[in-house]
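Engineer: Sharing a structure below in structure tokens format, with a few things to ask.
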Amino acid sequence: MVAGNPLDHYWYAVATADQVQEGPLSIEVFGTSYVIWRTGDQTLVAAEDRCTHREGRLSNGVVESGCLRCPYHGWEFGAQGRCERIPSSRVETAIPKKAHLGNLPVEEQYGLIWFCPNKAVAAVPELLVDNDPAFTRLNTGMQIWNCSATRMIDNMLDVAHFPFTHAGTFGREQELVVPNFKLKELDDTFYGYDYSVVVNNEGDAKKMSGGGSDVISLNMSTGFSLPFSVRSTMSYENGIEQTLFMTAAPISRERSYFTFVLWRNDDVTVVGQEIVEFELAVAEEDRKMLEQLKGELALGQGDLVDVQSDKASLEWRRRYRSLISQDLESLA
Ligand code: FES
Ligand SMILES: [Fe+2]
């Protein structure tokens, strides 16, 4: 990706909160490496993974008393990436201004570490369910998929692949035709569609649904938040509700972070882990399919053959195209 990319002004989930505990974490977004660590009061700091002195790899350093120490000559960086100590200089010597690291936007939300490589022009996607006491959140690990984030979002918005790609989990061959849904604002954050779907509810799928017959119908809504997040809600007839939030972040053109977070309104202490495992199996079916596809999703109008069921992806591509062609001046 070129410098000055409009995508640099948006938030990406790059790690789970537990990945940034004791030591520094190295992450990569659009081919650039960054380091994230926590200061003594647990405040997150993010900076380029390159020491201001001789470009030492900061993520190979250690965090002591909230300061990140460069492994090369031991310079120490504290809150907001400020250089606090240069061991080779006398204590009374002023620290050069250029010794401070940049302090890039980083936040913790929904058990995830969100990072923005440049000044943020939007907020981290808002998931209102996280404030609802009836729901419990279940986090899963951060994964790396060898495919473009553009292909991942296209897949997350797609219902037509369920009977085929997900035949091993919840997909049901009998239900091939995708209803002609209407796109709309689902709330202030997500844009997508509501639909009802008939799914396989045998075996492990019963843990998700809380029981019922082997084939059930449920109401779903699926929508995106630019650039690479999708929320999918499921409401079962027995009152069980689940929100599945999926998000991708481009490490490079063909490599992406991926994680999902679940919220459920049933007793997750009983079935939580099994539900996570079921969703992980579903994600694995997608990963295997998508890792066979090279390069980014074609974005140009008319580049792909789109049918009625691709409406949401078409709209995501239209909005994504306009996002990536934004005038950088207007974002500064
Ligand atoms: S390169 Fe980091 S202290 Fe010298
Ligand atoms: Fe899928």
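Every number here is computed from the coordinates shown, using simple stated rules; none is lab data. Note that the structure is predicted; figures quoted are calculated from it, not measured. Positions of Cβ are generated from backbone atoms using ideal geometry, with glycine treated the same way; all protein chains shown enter the neighbour counts.
Engineer: Using every alpha carbon pair in the stretch 128-324, what percent of pairs falls into each 10 Å bin from 0 up to the bin containing the largest distance?
Structural biologist: Result, from short to long distances: 9, 36, 40, 15, 1 percent.
Engineer: Could you compute how fast the chain diffuses translationally, taking Rh as the Kirkwood radius over C-alpha pairs and applying Stokes-Einstein at 4 °C with viscosity 1.567 mPa s? Give it in µm² per second.
Structural biologist: 60
Engineer: Counting other beta carbons within 10 Å of each Cβ, put VAL215, VAL230, VAL91 in order, fewest first.
Structural biologist: Ascending Cβ contact count within 10 Å gives the list VAL91, VAL215, VAL230.
Engineer: Which of the lysines could a cross-linker bridge to LYS182, judged by Cα under 26 Å and excluding same-chain residues fewer than eight apart?
Structural biologist: LYS311
Engineer: Full-extension gain between LEU299 and LYS97, please, as 0.36 nm times their residue separation minus the C-alpha to C-alpha distance.
Structural biologist: Extra length from LEU299 to LYS97 when fully extended: 68.4 nm.
Engineer: When we measure straight from the Cα of LYS207, which aspartates and glutamates land under 20 angstrom away, once same-chain ones fewer than 8 places off are left out?
Structural biologist: GLU237, GLU241, ASP266, ASP267, GLU274, GLU277, GLU279, GLU284, GLU285
Engineer: Taking every eigenvalue of the Cα gyration tensor of the stretch 86-193, multiplying by 5 and rooting it, what semi-axes result, largest first, whole Å?
Structural biologist: Whole-Å semi-axes of the equivalent ellipsoid: 44, 18, 15.
Engineer: Then there is this: For the chain, which span is the longest to avoid every loop-located (per DSSP) member of trypsin sites (Lys or Arg not before Pro) having at most 14 other Cβ atoms inside 10 Å?
Structural biologist: Free of exposed loop sites, the longest segment is 183-293.
Engineer: Here is a further query. What's the Kirkwood radius of the stretch 140-236 in Å, using all Cα pairs?
Structural biologist: Across the stretch 140-236, the inverse of the average 1/r is 14.6 Å.
Engineer: Using Cα positions and a limit of under 30 Å, work out the lysines in reach of LYS119, with same-chain residues fewer than 8 apart set aside.
Structural biologist: Partners within reach: LYS97, LYS98, LYS184.
Engineer: Return the ratio Rg/(2.2 N^0.38 Å) for the stretch 6-115, where Rg is computed over Cα atoms only.
Structural biologist: 1.04
Engineer: While we're looking at this one, here's another question. Could you give the size of the charge dipole of the chain about its Cα centre, using +1 on the Cβ of each K and R and -1 on the Cβ of each D and E, expressed in debye and rounded to the nearest 20?
Structural biologist: 1300
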